[in-house]
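Below is one structure, written out as structure tokens; comments come after it.
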Amino acid sequence: MKYINYMVLISSFMLLLLFTYCKKEDTGIQFHNPLAHPEDGPPAGNPDGTYPVPAEAGPVDVSNPDHIIGTGTPESCTAQAFIDAVAQGGKIVFNGGTEPFTITLDRPAKVFNNVDVPEIVIDGGGLVTLSGGGKTRILYMNTCDKNQNWTTSHCQNQDHPRLTIQNITFADGNSTAETEYDGGGAIWVRGGRFKAVNCRFFNNYCASTGPDVGGAAIRVFSQYNNLPVYIVNCTFGGADGYGNVGSNGGGISSIGVSWTIINSLFSHNQAIGNGGNPAETGTPGGGSGVAIYNDGNTMTLTILGSLIEQNEVNAYGSAIFFVTNDHSGNIIIDQCTIRNNIGGSWYPVYPQISMHGDTKIEVSNTEFE
């Protein structure tokens, strides 16, 4: 009898473990978003977004950081300390007290490709805003920039560095003075891997004209093995007076890069170039893909549980511009709302999405208004 009871207990325990595992797989990971109810500005993420988040797309554990910036006050969290920490790599957190504060940079923090710890994590704890002061880009990583040290013979396809930004706000970045690596008003990335979780992007700027320049908030190239950039619980703009502005891609911009965007919000951004891509005769080009601008060849844009609304464009794609030159690549949209985006033309399949008519697109549980 005891033997039978033990067997019943063991079987019950195994069933409980199996149920728990399956439930995790079904619902995705759950994690805290410290910017869900911020004191200032729109929250991070789509408030109605409930799409399951895979573990690889979630935040990184920073309970054992490599760098702690500050000694308890906002004044102790200096721009130079932040720039130095990024150059060294590793996990970076801030100790500036219990109230929100801003660190204003006079030049971009730059990732070096040969750092000893190739995983760079910047965690603002829901309190930190990194600002470009309206004058400079905020963060830069480029595996093909010799000034940041080449570490492989195939810089466009290497698995490091891996950059994660989480629980933080990027505001007033401005890359209009950049000429070699344009776009990316707040963040410019090439190579390795990049991920953003629980982040906000307010009032960032990049060049105002040009057929391909863009990404007032984020510009990305060449991710390792064509793996996607994850954007999770992030807000680009979010309310009147907070939008990001550039020639194209007021939110995000890329060439040949796949994206997986989960439970995020794009609103009140602007693509202010004109003439499209390629630029029409007599125009400087631009004005496309105000929330999302994707160009290149084989790539996948996946948007899940997200809201794209009240963005404004001059040329094409009042919500999304997705063009693969060889007509490969595909778009997946599930549990999203795309509404009230203004302007543009060339919407062959769905409103507010500019794309080739033969591009593969799967749309489910999504509202267009």
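How about region 253-268: which of its residues are of a type in the set (S, T, N, Q) and within 25 Å of Asn325 (Cβ to Cβ)? Give the steps one after another, and end with the answer.
First, the residues of region 253-268 that are of a type in the set (S, T, N, Q): 253-254, 258, 260, 263-264, 267.
Hits for region 253-268 are Ser253, Ser254, Ser258, Thr260.
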Kindly establish whether Ile333 is outside any loop (DSSP other than H, G, I, E, B) and surrounded by fewer than 24 Cβ atoms within 10 Å (Cβ to Cβ).
yes
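For region 297-314, check the following and say yes or no: at least one residue is at pLDDT below 95 and either on the phi > 0 side of the Ramachandran plot or outside any strand (DSSP E or B) (or both).
Restricting attention to region 297-314, the residues satisfying the condition of being at pLDDT below 95 are 297-298.
From what is left, the residues that are either on the phi > 0 side of the Ramachandran plot or outside any strand (DSSP E or B) (or both) are 297-298.
Yes; the residues of region 297-314 include at least one that is at pLDDT below 95 and either on the phi > 0 side of the Ramachandran plot or outside any strand (DSSP E or B) (or both).
Could you run through region 336-369 and say how many residues are in a loop (DSSP other than H, G, I, E, B) and in contact (Cβ under 8 Å) with a residue 24 or more places away in the chain? Even if it seems obvious, please write down each step before you answer.
As a first pass, look at region 336-369 and keep what is in a loop (DSSP other than H, G, I, E, B): 336, 340-341, 343-344, 346-352, 356-359, 365-366, 369.
Still in the running and in contact (Cβ under 8 Å) with a residue 24 or more places away in the chain: 336, 340-341, 343-344, 346, 352, 356, 358-359, 365-366, 369.
Summing the residues that are in a loop (DSSP other than H, G, I, E, B) and in contact (Cβ under 8 Å) with a residue 24 or more places away in the chain in region 336-369 gives 13.
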May I ask you to verify whether Phe236 is part of a strand (DSSP E or B), of a type in the set (Phe, Trp, Tyr), touching a Gly at 6+ places or on another chain (Cβ under 7 Å) and more than 20 Å from Gln148 (Cα to Cα)?
yes
Determine which member of the set Gln80, Gln88 is among the polar types (S, T, N, Q) and either surrounded by 22 or more Cβ atoms within 10 Å (Cβ to Cβ) or under 20 Å from Thr143 (Cα atoms) (or both).
Gln88
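Please determine whether any residue of region 76-86 is part of a helix (DSSP H, G or I), β-branched (Val, Ile, Thr), in contact with a strand residue (DSSP E or B) (Cβ under 8 Å, 6 or more places away or on another chain) and on the phi < 0 side of the Ramachandran plot.
To start, the set of residues in region 76-86 that are part of a helix (DSSP H, G or I) comprises 76, 79-86.
Narrowing the set further to residues that are β-branched (Val, Ile, Thr) leaves 83, 86.
Keeping just the survivors that are in contact with a strand residue (DSSP E or B) (Cβ under 8 Å, 6 or more places away or on another chain) gives 83, 86.
Within this subset, residues satisfying the condition of being on the phi < 0 side of the Ramachandran plot are 83, 86.
Yes; the residues of region 76-86 include at least one that is part of a helix (DSSP H, G or I), β-branched (Val, Ile, Thr), in contact with a strand residue (DSSP E or B) (Cβ under 8 Å, 6 or more places away or on another chain) and on the phi < 0 side of the Ramachandran plot.
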Tell me, please, whether a residue that is modelled with pLDDT under 95, among the aliphatic types (A, V, I, L, M), exposed (fewer than 13 other Cβ atoms within 10 Å of the Cβ) and not in a loop (DSSP other than H, G, I, E, B) can be found in region 18-32.
yes
For region 304-325, the count of residues that are free of Cβ contacts under 8 Å to residues at least 60 places away in the same chain, farther than 19 Å from Thr209 by Cβ and either surrounded by 24 or more Cβ atoms within 10 Å (Cβ to Cβ) or not polar (S, T, N, Q) (or both) equals 5
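Scan region 265-282 for residues that are in contact (Cβ under 8 Å) with a residue 60 or more places away in the chain and either in a loop (DSSP other than H, G, I, E, B) or under 20 Å from the mean Cα position of the chain (by Cα) (or both) and report the count. Please lay out each step first, then the result.
Of region 265-282, the ones in contact (Cβ under 8 Å) with a residue 60 or more places away in the chain are 265, 272-279.
This time we only want the ones that are either in a loop (DSSP other than H, G, I, E, B) or under 20 Å from the mean Cα position of the chain (by Cα) (or both), so: 265, 272-273, 275, 277-279.
The qualifying residues number 7.
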Kindly indicate whether Pro52 is surrounded by 10 or more Cβ atoms within 10 Å (Cβ to Cβ), under 27 Å from Gly243 (Cβ atoms) and at pLDDT 85 or above.
no
Among the numbered conditions (1) out of contact with any strand residue (DSSP E or B) (no Cβ under 6 Å at 6 or more places or on another chain); (2) surrounded by 16 or more Cβ atoms within 10 Å (Cβ to Cβ); (3) in contact (Cβ under 8 Å) with a residue 40 or more places away in the chain, tell me where Gln156 comes up short.
(2)
Residue count, region 97-112 (criterion: in a strand (DSSP E or B) and out of contact with any Pro (no Cβ under 6 Å at 6 or more places or on another chain)):
5
Selection from region 247-260 of residues part of a loop (DSSP other than H, G, I, E, B) and either crowded, with 23+ Cβ neighbours inside 10 Å or out of contact with any strand residue (DSSP E or B) (no Cβ under 6 Å at 6 or more places or on another chain) (or both) yields Ser247, Asn248, Gly249, Gly250, Gly251, Val257
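Out of the residues in region 55-71 that are of a type in the set (A, V, I, L, M) and over 14 Å from Gly125 (Cα atoms), state the one that is modelled with the highest pLDDT. Steps first, please.
Within region 55-71, the first condition is being of a type in the set (A, V, I, L, M), and the residues that meet it are 55, 57, 60, 62, 68-69.
When the remaining residues are screened for being over 14 Å from Gly125 (Cα atoms), the result is 55, 57.
On the way: Ala55: 95, Ala57: 98.
Looking at residues that are of a type in the set (A, V, I, L, M) and over 14 Å from Gly125 (Cα atoms), I get Ala57.
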Filter result for the condition that a residue is of a type outside the set (Gly, Ala, Ser), closer than 25 Å to Gly134 by Cα, touching a strand residue (DSSP E or B) at 6+ places or on another chain (Cβ under 9 Å) and buried (at least 23 other Cβ atoms within 10 Å of the Cβ), over Asn277, Asn263, Asn294, Asn244:
Asn244
Just one of (1) more than 14 Å from Thr300 (Cα to Cα); (2) in contact with a helix residue (DSSP H, G or I) (Cβ under 9 Å, 6 or more places away or on another chain) trips up Tyr230, so point out which.
(1)
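Could you list, in sequence order, the residues of region 283-296 that are outside any strand (DSSP E or B) and either modelled with pLDDT under 95 or of a type in the set (Ser, Thr, Tyr) (or both)?
Step one: list which residues in region 283-296 are outside any strand (DSSP E or B), which gives 283-284, 287, 289-291.
Result: Thr283, single match.
Looking at the structure I just gave you, is Val245 β-branched (Val, Ile, Thr) and more than 26 Å from Asn330 (Cβ to Cβ)? Break it down stepwise before answering.
Numbers: β-branched (Val, Ile, Thr): yes; more than 26 Å from Asn330 (Cβ to Cβ): yes.
Considered against the rule, which asks whether it is β-branched (Val, Ile, Thr) and more than 26 Å from Asn330 (Cβ to Cβ), Val245 comes out as yes.
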Would you pick out the residues in region 326-369 that are among the charged types (D, E, K, R) and in contact with a strand residue (DSSP E or B) (Cβ under 6 Å, 6 or more places away or on another chain)?
Asp334, Arg339, Lys360, Glu362, Glu367, Glu369
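The values are calculated or read from the model by the stated rules, or taken from the named source; none is laboratory data. This one's a predicted model, so the numbers in the text were calculated from it and none came from an experiment. Every residue, glycine among them, receives a Cβ derived from its backbone with ideal geometry; neighbour counts consider all protein chains shown.
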